[in-house]
1. Quick check on my filter: what residues within the range 249-260 are part of a helix (DSSP H, G or I), without any contact (Cβ under 8 Å) to a residue 24 or more places away in the chain and surrounded by 17 or more Cβ atoms within 10 Å (Cβ to Cβ)?
2. Would you point out the residue of the range 261-284, among those that are open to solvent by 50 Å² or more (accessible area, probe 1.4 Å) and among the hydrophobic types (A, V, I, L, M, F, W, C), that is modelled with the lowest pLDDT?
3. When the range 261-294 is examined, which residues are found to be part of a helix (DSSP H, G or I) and acidic (Asp, Glu)?
4. GLU128 fails exactly one of the following numbered conditions: (1) open to solvent by less than 70 Å² (accessible area, probe 1.4 Å); (2) assigned to a helix (DSSP H, G or I); (3) not β-branched (Val, Ile, Thr). What is the number of that condition?
5. Name every residue in the range 139-156 that is over 13 Å from the mean Cα position of the chain (by Cα) and at negative phi, in order of residue number.
6. Scan the range 231-276 for residues that are at positive phi and under 21 Å from the mean Cα position of the chain (by Cα) and report the count.
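The values are calculated or read from the model by the stated rules, or taken from the named source; none is laboratory data. All figures in this text were calculated on a predicted structure; none of them were measured in a lab. Note that each Cβ is placed from the backbone with ideal geometry, even for glycine, and that neighbours are counted across all protein chains shown. Just so you know, the surface numbers come from the protein's heavy atoms only, side chains and all, with ligands and any DNA or RNA stripped out. Shrake-Rupley method; radii C 1.70, N 1.55, O 1.52, S 1.80 Å.
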Amino acid sequence: MLTWKTSTSASCSHAARVIGDGLEIVDTQLAAELLPQAEGLLRATVEYGDNAEALLRALGSLSAQFENNRELARAALVRVFGQSETTDARVSTLAAAVASLESTMMRQRPKLAEELVARTRPLREQWEARGPGLLKAMHRLAGAQLTPDSAEVVLVAPLAGGHGYAYPITNRVVFEGLLTDARPDLAETLRLGWLLAQLNADLPAVAEAVGPLRAARASALATVPVALAASEDLGLAAGGVEMLPAALEAWHCVPGDPAPTAEALHNWWNTYRDSVTGWPVAVAALDQMLAEQS
């Protein structure tokens, strides 16, 4: 079961992740205003070294739950480092960076909250028409339950022209609310299904084998051919698995040329489809394959 909500706060943390991932914000004026504040938030995470990405993920995952920035900062820090390492100084620094980004966003988009509410109904109707069938087909093809029994879709500003993140730890996806498909041959409903299919990436069978961040990355790629194969009978993608390069590019799955990753994924999918390998083992194998290619 899906629940839907909108969040200006999540839109701001989403902006930081988009910029941190090197993606472009399509509104150039908004991008110019947000960039210094987003970079300030990113700098506030740099001191945490290898945990910086985990902290950004925690902010993205939790921002829809907290209106108060200090509460958000504390919850994110506790999630990553534990209570004993979460000092008031760290909370204050992180909360100030979040507040600065939010202030800029709301100054540039004062009606963002109303805009997001207006975007929810058509997206939800599109999902309810074909989304449940898509997930059933994906589960059947993967031979595994890729999504939890319940999940939350948080609608955020369409900053990158069609993007989103899956947060398995909270069974939540952050989804840019486009009212038209970014590409006519890749429906937004399919992109949402692909994000939702990543929400069980933190289950022990996968996460303990390769680590939570690598499991998330491998699952994000593994579910692309599953989503495309499942879409063939639903009219959500023009060419099924042959759309791999286009989907990897449109969904910002890999930097640069998607062709090498698309070829590796195509080979992996063909092998998995014709085998009796369980999904967790297949995802771990894909992680190893990608590590050897990098």
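1. GLU249
2. Checking each candidate, the answer is VAL276.
3. GLU263, ASP287, GLU292, listed by residue number.
4. It is condition (1) that GLU128 fails.
5. Hits for the range 139-156 are HIS139, ARG140, LEU141, ALA142, ALA144, GLN145, LEU146, THR147, PRO148, ASP149, SER150, ALA151.
6. Matching residues across the range 231-276 total 2.
Here is a yes/no grid of residues against (1) closer than 22 Å to THR6 by Cβ; (2) touching a strand residue (DSSP E or B) at 6+ places or on another chain (Cβ under 9 Å); (3) without any contact (Cβ under 8 Å) to a residue 40 or more places away in the chain; (4) assigned to a helix (DSSP H, G or I):
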site: LEU59; (1), (2), (3), (4): yes, no, no, yes
site: ALA73; (1), (2), (3), (4): yes, no, yes, yes
site: ARG79; (1), (2), (3), (4): no, no, no, yes
site: SER92; (1), (2), (3), (4): no, no, yes, yes
site: ALA99; (1), (2), (3), (4): yes, no, yes, yes
site: GLU102; (1), (2), (3), (4): yes, no, no, yes
site: MET106; (1), (2), (3), (4): yes, no, no, yes
site: PRO110; (1), (2), (3), (4): yes, no, yes, no
site: LEU116; (1), (2), (3), (4): yes, yes, no, yes
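Table: residues versus (1) touching a His at 6+ places or on another chain (Cβ under 6 Å); (2) surrounded by fewer than 22 Cβ atoms within 10 Å (Cβ to Cβ); (3) small (Gly, Ala, Ser).
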| residue | (1), (2), (3) |
| --- | --- |
| GLU152 | no, yes, no |
| PRO168 | no, no, no |
| PHE175 | no, no, no |
| ASP181 | no, yes, no |
| LEU199 | no, no, no |
| GLY211 | no, yes, yes |
